[in-house]
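Since every read-out is calculated from the coordinates, none of them should be taken as a lab result. What you see is a predicted model, and the numbers here were worked out from it, not measured in a lab. In this analysis, Cβ positions are derived from the backbone assuming ideal geometry, glycine residues included, and neighbour counts consider all displayed protein chains.
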Amino acid sequence: MKKILEIKNVSKKFALRKDNFFSARKFFTAVDNVSLSLKENQTLGIVGESGSGKTTLAKLILDIEKPDSGEILIDGKDITRAKGKELKELRRQTQVIFQDPYSSLNPRMNVENIILEPLQINKIIKQEQIKILHSLLNSVGLPQNCLKKYPHEFSGGQRQRIAIARALALKPKIIIADEPISSLDVSIQAQILNLLKQIKDEMRVSYIFISHDLSAVCHISDKIAVMNKAAVVELAPAEELFKNPLHPYTQLLLNSVCDADPENKNDDIQIIQNDSNLSPSCAFAERCPLYDQKHCLSENNLSEVKKEHFVKCALSSQKKALYGDRNEN
Amino acid sequence: MKFENLKKSRTFKRFRKNKTSVIGAALLLSFVFLAVFAPIVSPPASSDSYLIPQAGYSQEPAPPSKEHIFGTTEQQYDLFYAIVWGTRTAFKIGVMVVFVSLLLGITIGGLAGFYGGWIDEITMRFTDIILSFPGIVLAVVIVAMLGPGIEKVIIAIAAVSWPGYARLLRGDVLTVKNFDFVAASRTMGAGDFWIFIKHILPNSIYPVIIVASLDIGSIVLTAAALSFLGLGSPAGYADWGQIIAMSRNWILGTSSNPFAYWHTLLIPGTAIFLFVLSWNLIGDAFRDILDPRQQ
Ligand SMILES: Nc1ncnc2c1ncn2[C@@H]1O[C@H](COP(=O)(O)OP(=O)(O)OP(=O)(O)O)[C@@H](O)[C@H]1O
Ligand SMILES: [Mg+2]
């Protein structure tokens with residue numbers, strides 16, 4: 001299968017507010033040297049705790065923010081360097097569904113105008129617009145009589161359906177879903193997940209599915225990237241990641257999902273606070289149960305420990321010995 | 001018992017609030033009526049209907065009488081005619097100033113908030129400078145430079161009132177531009193103009209329009225002050241401020257009767273007072289409605 005998206009060594013820093021006029025500007029690294037790729041009709045899940053840079057990465061792919069360094073190739077063309085017509089064409093290829101369906105729909109536009117907006121911007125002819133509009137309503141399961149209603153007249157799940165219809169209007173190749181279900185009722189979450197799955201099969205789109213909830217991601221993803229402190233710390237096929245998590249941070253995430261029963265918790269992975277001024281080391285060192293000064297260096301990179309299974313931890317093999325494979329437990 | 005009291009006082013307050021805004025609206029409506037039907041209420045004598053007819057050339061004001069129900073002021077200008085057509089002038093000035101200053105404020109504040117960076121920095125420092133002067137002083141300076149005249153007064157007041165609207169709008173634009181629907185629109189390929197017109201303005205413009213409209217009362221007051229200083233309309237033009245200016249020499253009356261010329265000051269003064277009052281009453285009601293703490 002063809003690679004539809006390739007992210008190569010992308011970094012993004014944000015300038016922080018200065019303490020006073022004379023102090024030097026400080027920077028916060030939100031995305032640090034991230035490389036990922038996505039194939040046609042595949043789903044890449046991105047998990048990580050709040051503040052790990054997931055949304056920033058999505059914004060970089062969507063060209064809402066510009067990266068400081070690195071390349072983002074959509075269908076082989078670098079969106080960070082594209083201009084004019086080519087840029088507009090590339091932007092069409094990636095559309096987005098946001099977490100908060102209240103902020104993602106303009107409250108002063110009715111459903112018809114919301115869904116037609118992408119078509120109007122791209123100057124699609126009128127008759128075509130109407131056809132697309134009605135078929136989109138069908139595919140996302142909205143009634144035809146809702147066109148003149150405004151966003152506040154809908155529930156969260158329905159609003160998310162409107163947002164999905166809008167994202168599909170331009171027939172994009174990639175849809176980035178940034179926590180699309182985390183603000184919804186549990187009962188509605190499954191419906192929206194199924195809708196996304198169904199759309200993937202029908203329209204052959206690729207997804208980037210962002211979440212801090214591993215269990216939702218595993219339902220829908222082919223491949224999962226785990227992010228911590230601006231960097232990807234582990235990347236593996238979904239099943240492999242669940243069976244065989246290598247990075248201590250991934251294990252921490254999985255543990256918090258799988259062992260709902262507190263008594264059942266693995267004693268080795270409790271919240272650990274190492275000394276916070278450790279010598280230059282891996283970004284996860286402060287919370288790592290395996291921290292050791294010799295191996296945990298800041299320059300450690302993602303390395304392939306198994307086929308298609310990458311991890312950013314020099315101790316991964318020792319760790320395997322410590323925890324054993326998850327299947328054996 | 002205590003609860004009953006509380007409830008009573010609250011309903012009472014609400015009722016009172018309601019009543020004052022109703023009075024304001026009624027007052028304002030009668031002014032609108034007067035302005036619209038000015039040609040019927042007080043038919044113009046000459047081709048320029050804003051020119052107040054004169055009944056003779058004597059300096060001394062005449063008290064209210066059958067022919068001149070509000071009397072005449074200095075140089076026999078008919079007060080009733082001046083008040084009726086002055087209503088039109090007041091609305092003309094108010095609406096024009098609001099229109100011009102909103103146009104300026106929305107464009108400048110909108111661009112500053114939307115683009116941020118140095119555009120924002122420069123325009124906001126500029127508004128700081130204008131806002132640091134008392135508006136009327138600055139307006140006097142501007143009219144003094146441009147020369148007297150109604151249009152000049154409109155330009156001067158608009159020039160000192162847009163910064164407030166620009167700042168108000170800028171704040172809302174800063175909030176709205178961070179909403180996800182703006183980001184989504186960008187990914188669809190929308191340009192700045194589309195986003196500004198379709199998303200930013202519709203979600204930020206209403207408060208500033210309401211606030212600016214409610215300022216018509218104080219705008220008319222400022223215009224009257226400029227006219228009083230001789231910087232407004234030409235002599236004989238139906239304009240409340242100028243009528244008050246004409247009464248300056250007659251405020252003290254005669255030595256035997258200090259109130260001999262009361263009508264020259266009191267009648268146009270009352271007109272301005274009621275006009276400003278009506279806007280303020282409505283404004284208070286609107287401010288309560290718009291106040292987020294009360295919702
Ligand atoms: N425009 C910005 N200016 C400064 N800092 C920013 C900006 N945008 C994001 N950040 C910072 O970058 C970090 C990563 O933010 P991001 O929104 O990407 O996290 P996230 O993984 O999506 O978290 P969440 O799960 O809460 O959505 C955060 O610490 C945030 O404060
Ligand atoms: Mg996020």
Sorted by chain and then number, the residues having a modelled amide H within less than 5 Å of the amide H of A:Lys149, at least 5 places away or on another chain, are A:Val111, A:Glu112
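Taking the highest mean first, how do the peptides B:74-85, A:225-236 order by number of other beta carbon atoms within 10 angstrom per residue?
Sorting B:74-85, A:225-236 by mean packing, highest first, produces A:225-236, B:74-85.
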Förster radius 56 Å - calculated FRET efficiency between A:Asp19 and A:Lys197, Cβ distance, rounded to 0.05
0.70
What ³J(HN,Hα) values, in whole Hz, does the Karplus curve 6.51 cos²θ - 1.76 cosθ + 1.60 give for the stretch A:222-236 when θ = phi - 60°, with x put for Gly and Pro?
8, 9, 10, 10, 9, 10, 9, 6, 6, 10, 7, 9, 8, 9, 7
Within 10 Å of each Cβ of A:91-99, how many other protein chain Cβ atoms are there on average?
3
Measure up A:Lys39/A:Lys171; A:Lys18/A:Lys88; A:Lys123/A:Lys200 against 28 Å on the Cα-Cα distance and list the ones that go over.
A:Lys18/A:Lys88
With r as the distance between the Cβ atoms of B:Ala45 and A:Tyr150 and R0 = 60 Å, compute the FRET efficiency 1/(1 + (r/R0)^6) and round to 0.05.
0.65
With a Förster radius of 22 Å, plug the Cβ-Cβ distance of A:Ser182 and A:Met1 into 1/(1 + (r/R0)^6) and report the FRET value to the nearest 0.05.
0.15
Applying a 10 Å radius around every beta-carbon, put A:112-118, A:192-198, B:163-169 in order of their mean neighbour count, most first.
B:163-169, A:112-118, A:192-198
Could you count how many Lys pairs in chain B have their Cα atoms under 22 Å apart, skipping same-chain pairs fewer than 8 positions apart?
7
Cβ neighbours within 10 Å from other chains - mean over B:194-207
2
Length-normalised contact order of the stretch A:67-197, Cα under 8 Å, at least 6 apart, in percent, tallies to 35
Chain B: relative contact order from alpha carbon pairs under 8 Å, six or more residues apart, as a whole percent, is 25
In nm, to one decimal, how far is the modelled label at A:Arg204 from the one at B:Phe259, with both set 7 Å along Cα→Cβ?
9.5
For chain B, modelled as a Gaussian network with Cα springs under 10 Å, which listed residue fluctuates most, B:Ala184, B:Ala260, B:Ala26?
B:Ala184
HN-Hα J in Hz across the stretch A:147-155 - Karplus 6.51, -1.76, 1.60, θ = phi - 60°, x for Gly and Pro:
4, 8, 7, 9, x, 5, 8, 10, 7
At 7 Å along the Cα-to-beta-carbon direction for both A:Glu49 and A:Asp213, put a label point, then send me their distance in nm to one decimal.
1.9
